[in-house]
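Structure first, then comments.
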Amino acid sequence: MKIAVDAMGGDYAPAEIVKGAVEAAVMDGIQIILVGEEDRIQKELNKYRYPTELISCLHAPEAIEMNEEPALAVRRKRNASLIVATKLVKERTAAAIVSAGNTGAQMAAALFELGRIPGIERPGIATVFPSPAGPKVLIDSGANVDCKARHFVHFAVLGSIYAQHVLGIEDPRVALLNVGSEPKKGSEVVVEAYQLLEQTKNVTFSGNLEGRDFFSADVDVIVCDGFTGNIVLKLTEGLVATLFAMIKAEFKKSPLQLFGGLLVKPGFRAILRKLDYVEYGGAPLLGVQGISVICHGSSRAKAIRNAIRFAQEAVKKNFVELVKKGLGGNLRGSGEDKGSFNQGSE
């Protein structure tokens, strides 16, 4: 099994990407193909001692920048590292791709090169959130800005299969993120999505979920469009960072508070670790014919290593086949909808 890694994607590429790949090879024994500008990759590799049989390079002279329009960039830059790495999965030279680059471009590349799983019009990004009741899957967290009602059903089915087979949840409960709990609340699209989800056989639908109940509600999969999901994701990241910075500042105000802070520091670190995206590494793009793991644009080595490990586990579990089997043939949709790509980074 080989994992293709886009070495040129992300705010800290290629240095942190290469470092994370080396750590995955050395510590986890994973075979990796680093795709990108070979000279720059090799310069970073020369900083480390690693098993040369586990890491190889594939030259790709171009890179897709964060601010480029995704679909256009994928069509024009056929020699970009992200495209070349995705093709390796298509050709089965690699079993999965990991990238911290342009999220919209990664989705576009997955659609154009790997294709959708039959029955799925819009693949979605599945992000895991910790909560007191256990992990929750948010889908879509950034791939599709505009959605039709039936796409919410697709996300619900994909998220349920992911929660069941990856998180080990027996019968995942699905909720629709909305401005109120009543069935008629929300936009026309969300109201229609509610009605469709009630009729979907292979989903345990629990109704609407308000934002204030996001972490406390007894549900396992939370469904929304990618615009809303990405705001939730980044708002949560920013809130966690701000809260911990404020708590840290308060503890430093007096010797007594500082002493108290030292006593509770291990507990705070454990909580922060659970909330940190770095621990999860990356989020899978569900609904395409291959494993495509999307990392945060600001990912450093640890996040990249964890994303590579996650990709390996998804391949071992044969997740794409699990999705195909779990769809059950009762999804509606032509499969011809090209979708709207998020132009930002995760």
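The values are calculated or read from the model by the stated rules, or taken from the named source; none is laboratory data. This is a predicted model, so every value here is computed, not measured. Positions of Cβ are backbone-derived with ideal geometry, glycine not excepted, and every protein chain shown enters the neighbour counts.
Taking Met66, is it modelled with pLDDT under 95, over 20 Å from the mean Cα position of the chain (by Cα) and aliphatic (A, V, I, L, M)?
Values: modelled with pLDDT under 95: yes; over 20 Å from the mean Cα position of the chain (by Cα): no; aliphatic (A, V, I, L, M): yes.
No; evaluated as a whole, the condition is false for this residue.
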Single match in Val84, Val128 (criterion: outside the structural domain of Cys295 (by TED's automatic domain parsing) and either surrounded by fewer than 24 Cβ atoms within 10 Å (Cβ to Cβ) or at pLDDT 95 or above (or both)): Val128
What is the one condition in (1) free of Cβ contacts under 8 Å to residues at least 12 places away in the same chain; (2) closer than 19 Å to Ala283 by Cα that Leu72 does not satisfy? (2)
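Mind telling me which of the residues Ile83, Ile97, Ile64 ends up being assigned to a strand (DSSP E or B) and under 16 Å from Phe112 (Cβ atoms)?
On the way: Ile83 fails: assigned to a strand (DSSP E or B); Ile64 fails: assigned to a strand (DSSP E or B).
That would be Ile97, the only listed residue that is assigned to a strand (DSSP E or B) and under 16 Å from Phe112 (Cβ atoms).
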Do we have any residue at all in the stretch 140-158 that's of a type outside the set (D, E, K, R), in the same structural domain as Ala60 (by TED's automatic domain parsing), assigned to a loop (DSSP other than H, G, I, E, B) and touching a residue at least 24 places away in the same chain (Cβ under 8 Å)? no
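Just the residues that are in a loop (DSSP other than H, G, I, E, B), without any contact (Cβ under 8 Å) to a residue 60 or more places away in the chain and out of contact with any helix residue (DSSP H, G or I) (no Cβ under 8 Å at 6 or more places or on another chain), please, taken from the stretch 5-36. Give the steps one after another, and end with the answer.
Start the filter on the stretch 5-36 by keeping residues that are in a loop (DSSP other than H, G, I, E, B), which leaves 7-14, 29-30.
From what's left, without any contact (Cβ under 8 Å) to a residue 60 or more places away in the chain: 14, 29.
Scanning the stretch 5-36 gives a single hit, Gly29.
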Which residues, taken from the stretch 175-195, are within 20 Å of Val157 (Cα to Cα) and surrounded by fewer than 17 Cβ atoms within 10 Å (Cβ to Cβ)? Pro183, Val189, Glu192, Gln195
Residue hits (the stretch 280-295; closer than 19 Å to Leu235 by Cβ and modelled with pLDDT under 90) are Tyr280
Of the residues in the stretch 196-210, those that are loosely packed, with under 12 Cβ neighbours inside 10 Å and under 22 Å from Asp146 (Cβ atoms) come to none
Evaluate the following for Ala163: is it among the small types (Gly, Ala, Ser), under 15 Å from Gly226 (Cβ atoms) and surrounded by 15 or more Cβ atoms within 10 Å (Cβ to Cβ)? no
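For Phe214, state whether it is buried (at least 17 other Cβ atoms within 10 Å of the Cβ), touching a helix residue (DSSP H, G or I) at 6+ places or on another chain (Cβ under 8 Å) and over 28 Å from Lys324 (Cα atoms). Steps first, answer last, please.
Values: buried (at least 17 other Cβ atoms within 10 Å of the Cβ): yes; touching a helix residue (DSSP H, G or I) at 6+ places or on another chain (Cβ under 8 Å): yes; over 28 Å from Lys324 (Cα atoms): yes.
For Phe214, the condition - buried (at least 17 other Cβ atoms within 10 Å of the Cβ), touching a helix residue (DSSP H, G or I) at 6+ places or on another chain (Cβ under 8 Å) and over 28 Å from Lys324 (Cα atoms) - is met.
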Give me the pairs, please: first residue somewhere in the stretch 280-295 and within 9 Å of Thr127 (Cα to Cα), second residue anywhere and aliphatic (A, V, I, L, M) and in a loop (DSSP other than H, G, I, E, B), beta-carbon distance under 9 Å, and either six or more positions apart or on two chains. Gly282/Ala100; Ala283/Ala126; Pro284/Ala126; Pro284/Val166
Taking the stretch 291-321 only, how many residues are in contact with a helix residue (DSSP H, G or I) (Cβ under 7 Å, 6 or more places away or on another chain), surrounded by fewer than 22 Cβ atoms within 10 Å (Cβ to Cβ) and either hydroxyl-bearing (Ser, Thr, Tyr) or not assigned by TED's automatic domain parsing to the domain that holds Val98 (or both)? 0
Any idea which residue in the stretch 135-157 is surrounded by the most Cβ atoms within 10 Å (Cβ to Cβ), counting only those that are at pLDDT 90 or above and closer than 10 Å to Ile125 by Cβ? Phe155
